[in-house]
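First comes the structure, then the notes that go with it.
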Amino acid sequence: RLLLVSFRGAGVRSGATYGGQTPLIKVSVGEFTSVAMLQRDWVLTHEMVHLAFPSVPQAHHWIEEGLATYVEPLARHAAGQLSAEVVWRDLVEGLPKGLPRPGDKGLDHTPTWGRTYWGGALFCLLADIEIRQRTNNRYGLRDALRAIVAAGGSMRVRWPLVRALEIGDQAIEVPVLMELYARMKATPVAIDLVDLWRRLGVKLQEDVVLFEEEAPLASIRRA
């Protein structure tokens with residue numbers, strides 16, 4: 001079900017998704033919102049991504065929000081709403097918010113906003129890259145997520161996180177999701193994002209993204 005709550009103003013203010021046998025998406029939309037504003041907005045796409053993953057215990061809320069944060073711009077790019085340059089610029093600017101800070105623990109034990117949304121998104125990006133490297137671009141994170149849905153793992157059900165990750169790994173034929181989860185769930189893993197962008201061939205120059213096609217992981221980035 002989709003519940004639209006109006007307010008006096010323009011734009012999309014917030015969204016939330018609730019699981020169960022009849023999942024509900026609730027979105028606040030200003031009564032003066034134009035079609036053009038809706039076409040540019042990301043909230044409803046983000047909320048709909050939640051529908052395509054099982055509800056998991058609260059300690060793993062980062063995977064729910066991280067997936068929605070990571071998948072939303074990719075879905076909008078596939079639909080022709082965002083350019084690849086915009087998708088990568090937003091990742092370059094946003095992912096540092098997900099890095100562990102002093103005193104942080106692993107993803108299962110640091111429920112801050114940055115670690116939940118952007119730390120979860122970083123997990124997804126790292127998984128996507130690793131899957132594509134280890135399968136020679138035969139599979140990506142998308143294939144694992146599709147397998148989870150095909151196995152009944154939608155927001156209608158509540159699963160242990162490990163069950164979903166194991167199903168995803170079976171589909172991509174490499175244990176990337178379980179290995180990365182074991183690495184990041186209880187330990188604050190610092191990722192060298194500057195080096196990652198270099199290897200992917202993503203360069204941010206005065207708010208403009210440039211792609212370097214000779215970079216070691218350029219084919220992974222294009223995929």
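Quick one: Val208 ticks every box in (1) under 23 Å from Pro100 (Cα atoms); (2) in contact with a helix residue (DSSP H, G or I) (Cβ under 9 Å, 6 or more places away or on another chain); (3) at pLDDT below 95; (4) not aromatic (Phe, Trp, Tyr) bar one, so which box is it?
Only one criterion is unmet by Val208, namely (1).
Need a quick list: helices (runs of 4 or more DSSP H) entirely within region 158-207 having at least 1 residues that are hydroxyl-bearing (Ser, Thr, Tyr), touching a Leu at 6+ places or on another chain (Cβ under 6 Å) and farther than 18 Å from Ile63 by Cβ. Walk me through how you get there before you give the answer.
Working: elements: 161-172, 176-184, 193-200.
Filter on region 158-207 gives an empty set.
Which of the residues belonging to region 18-64 are more than 17 Å from Ala144 (Cα to Cα) and acidic (Asp, Glu)?
Glu31, Asp41, Glu47
Restricting attention to region 135-142, does a residue exist that is in contact with a Ser or Thr (Cβ under 8 Å, 6 or more places away or on another chain), open to solvent by less than 10 Å² (accessible area, probe 1.4 Å) and in a loop (DSSP other than H, G, I, E, B)? Break it down into steps so the answer makes sense when it comes.
Let us first name the residues in region 135-142 that are in contact with a Ser or Thr (Cβ under 8 Å, 6 or more places away or on another chain), namely 137.
Pick out the ones that are also open to solvent by less than 10 Å² (accessible area, probe 1.4 Å) and you get none.
For region 135-142, residues in contact with a Ser or Thr (Cβ under 8 Å, 6 or more places away or on another chain), open to solvent by less than 10 Å² (accessible area, probe 1.4 Å) and in a loop (DSSP other than H, G, I, E, B): absent.
Which members of region 1-14 meet the condition of being outside any loop (DSSP other than H, G, I, E, B) and either modelled with pLDDT of 95 or more or open to solvent by 60 Å² or more (accessible area, probe 1.4 Å) (or both)? I'd like the intermediate steps shown before the answer.
So the first thing to find is which residues in region 1-14 are outside any loop (DSSP other than H, G, I, E, B), and the list is 2-7, 12-14.
Selection gives Leu2, Leu3, Leu4, Val5, Ser6, Phe7, Val12, Arg13.
Within region 15-51, track down each residue that is in contact with an Asp or Glu (Cβ under 9 Å, 6 or more places away or on another chain) and part of a loop (DSSP other than H, G, I, E, B).
Correct list: Thr33, Trp42.
For region 107-125, check the following and say yes or no: at least one residue is touching a strand residue (DSSP E or B) at 6+ places or on another chain (Cβ under 9 Å), among the hydroxyl-bearing types (Ser, Thr, Tyr) and more than 28 Å from Ala215 (Cα to Cα).
no
The values are calculated or read from the model by the stated rules, or taken from the named source; none is laboratory data. All figures in this text were calculated on a predicted structure; none of them were measured in a lab. Methodologically, a virtual Cβ is constructed for each residue, glycine included, from the backbone with ideal geometry; neighbour enumeration extends over all protein chains shown. Surface accessibility is based on the protein's heavy atoms, side chains included, excluding ligands, DNA and RNA. Shrake-Rupley method; radii C 1.70, N 1.55, O 1.52, S 1.80 Å.
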